1. Exactly one of (1) modelled with pLDDT under 85; (2) surrounded by 10 or more Cβ atoms within 10 Å (Cβ to Cβ) is unmet by residue 71. Its number?
2. Across the stretch 32-52, what is the total count of residues that are outside any strand (DSSP E or B) and surrounded by 11 or more Cβ atoms within 10 Å (Cβ to Cβ)?
3. Considering the stretch 53-75 alone, what residues qualify as being part of a helix (DSSP H, G or I) and touching a residue at least 40 places away in the same chain (Cβ under 8 Å)?
C-alpha cells in the first residue's frame, strides 16, 4: 500500500482524513472510542484500486475489519457498513450475512 495521505478537515481543528491501511490505522486506537464508524469496503470485483481475492479470503478480511470496528465502537455508537455482492463467473453471492 502507498504511503498514508493525511489531509486536515477544514471545519474542525481535531479531525483529519487519512488514506492508509484500515487495520494498521485502527489497531492503535482506544477501544470504545468511536461514536460513529462509516465504511464502504472494496467490493472485490476487480476495480483498479483493489486486488481481487477468493470469496473465502475476502470474507475473512472483512471479518477482521468488522471485528476491529466493533472493538472501537462506543457502547452507544453506530456502525454503518456498506457492502455489495460478490460476483464470480456470473454467480452472485450476497455479502450482508457475513
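The values are calculated or read from the model by the stated rules, or taken from the named source; none is laboratory data. All figures in this text were calculated on a predicted structure; none of them were measured in a lab. Heads up, the Cβs are rebuilt from the backbone with ideal geometry, glycines too, and the neighbour counts pull from every protein chain shown.
1. Against the list (1) modelled with pLDDT under 85; (2) surrounded by 10 or more Cβ atoms within 10 Å (Cβ to Cβ), residue 71 comes up short only on (1).
2. Going through the stretch 32-52 one residue at a time, the tally reaches 9.
3. 64, 65, 68, 69, 71, 72, listed by residue number.
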